[in-house]
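Since every read-out is calculated from the coordinates, none of them should be taken as a lab result. Here the structure is a predicted model, which means the values were calculated and not measured. Using ideal geometry, Cβ is built from the backbone for each residue, glycine included, and neighbour counts are taken over all protein chains shown.
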Amino acid sequence: MTELSSKIETQDRFIWLDSLRLAAGVSMVGLHATADSLGQPFTQFDVGQRIAPMLLRAVIYTARTELFLMISVFLLLLALEKRPKTYKETMGIQARRLLVPFAFWTLFYAFYNLIKGNAFGYADTIASDLLNPLKWIEYFSLGSVKYHMHFIPTLFGLLLLYPLFRLAQRFPILGALVLVCLLIKRELDQFVFAEFWGAESLPYVVRLVKISTYAGYGLMAGAFLGVWQQVSAGLREKFLPLLLFFGSLLFLVKLAATWKTIESGAWPFNYTAGYWADFLMPVVLFAVALCLGHKRWPQVFSWLAPYSFGIYLCHPIFLDLVEIWLNGRSFSPIEQVITKIVFAVAATSVLVMCLARFRPLAWTIGLGPLPRLPILRAAA
């Protein structure tokens, strides 16, 4: 998803993948914008005022971070097909491409959080965290410094398992194990939260479970690459009606979960059907795009796609600013959501394009060479 993805061929047959990357990046902005400043479903508003933003969220939430994970694994396996490397070489490259920008943005957001904290009255807590060594360990190991930063350590942990995914590339039927992995994840999550609630180790155990069970998405990505390489375009396209039908059923379940949110003003974490709909939707989206991969897609998607990683990384900068501006103003939930999406997408896009053209910082969004620091040369 970083420099690796920019090296992918720009033939028409890969534009579908670029389109997925771009959709996933922009959807993350919409996802985070469809909640209030505390990350809740506008609990303080009436039921009727929650309908529009939650319905919009139901659509946007079809592309989750799991879609990013599958795209990243797909690209890695594709790159290894063309330029084979040892496990050590592969993970060394991924560590430099992912963890170095991750460290930069972790430091940035750790201090940037003071701005929103000051506006909403919890700056003292943020300042206290900055002086707490255990918090910094959590920031760098879990990505907890900001609500979106968890993605990078999770992705890196998942890529450690990539030899398993190459097996699914050879035998695509192994992709079906994503169902088993998601079942195990749900059961383990319930056990872990019940047994470790309140313990300092809870977030670490939860992350370990997440990475281990998200191997199912890696297997699915490997299976998708195997299908792409082994199955003809005509045969892939024949599965499109079935995928659309299954996706429609999942979306109906998502609408049921959305209604529960609208009525209660809380996220329906205990709604089992909603869990499956949420976590399987990225798989269906990827499969649909794969089945249509041989069609002609607008070239503009390939031009914009390299910015998707930067959009993902940078959008909280502007979401925080607009939430500060909205604080105390009598905007309805849907007005808040539209304001946040429009401002955050526009401002983030401008920032990312500027960073991409500013060589000393382009590496922070995966679009330029890393800074020439002794520690990085040693790692290379």
Take peptides 269-278, 74-83 and line them up by average Cβ neighbours within 10 Å, highest first, as a rough protection proxy.
74-83, 269-278
Calculated FRET efficiency, ALA266 and GLN49, Cβ-Cβ r, R0 25 Å, to nearest 0.05?
0.95
Sum of side-chain charges, SER144 neighbourhood, beta-carbon under 12 Å (Lys, Arg +1; Asp, Glu -1)
+1
J(HN,Hα) series, the range 156-165, from Karplus relation 6.51 cos²θ - 1.76 cosθ + 1.60, nearest Hz, glycine and proline x:
4, x, 5, 5, 4, 9, 4, x, 5, 6
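Report relative contact order for the chain in percent, whole number only (criteria: Cα-Cα under 8 Å, sequence separation at least 6). Before the final figure, lay out each step's value.
Numbers: 463 pairs, mean separation 115.9, N = 380.
For the chain, the relative contact order is 30 percent.
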Quick one: dipole size for the chain, taken about the Cα centre, charges +1 on Lys/Arg Cβ and -1 on Asp/Glu Cβ, in debye to the nearest 20.
1260
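Per the Kirkwood formula on distinct C-alpha pairs, the Rh of the range 24-141 is how many angstrom?
Working: mean 1/r = 0.0563 Å⁻¹.
One over the average 1/r among Cα pairs gives 17.8 Å for the range 24-141.
Could you work out the local net charge near ARG329, counting Lys and Arg as +1, Asp and Glu as -1, over the other residues with Cβ closer than 15 Å to its Cβ?
Computed value for this residue: -2.
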From the helices alone, meaning DSSP H stretches of at least four residues, give me the mean residue ellipticity at 222 nm for the chain, per-run term -39500 (n - 2.57), in deg cm²/dmol to the nearest 500.
-23500 deg cm²/dmol
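Would you mind checking LYS185/LYS260; LYS82/LYS210; LYS260/LYS340 for any pair whose Cα atoms are more than 28 angstrom apart?
Working: LYS185/LYS260 23 Å; LYS82/LYS210 30 Å; LYS260/LYS340 24 Å.
Beyond 28 Å: LYS82/LYS210.
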Let me make sure I get this right: for the chain, a, b and c are the square roots of the gyration tensor eigenvalues over alpha carbons, sorted descending. Under 1.5 in a/c it's rounded, otherwise prolate if a/b > b/c, else oblate. Which is it?
rounded
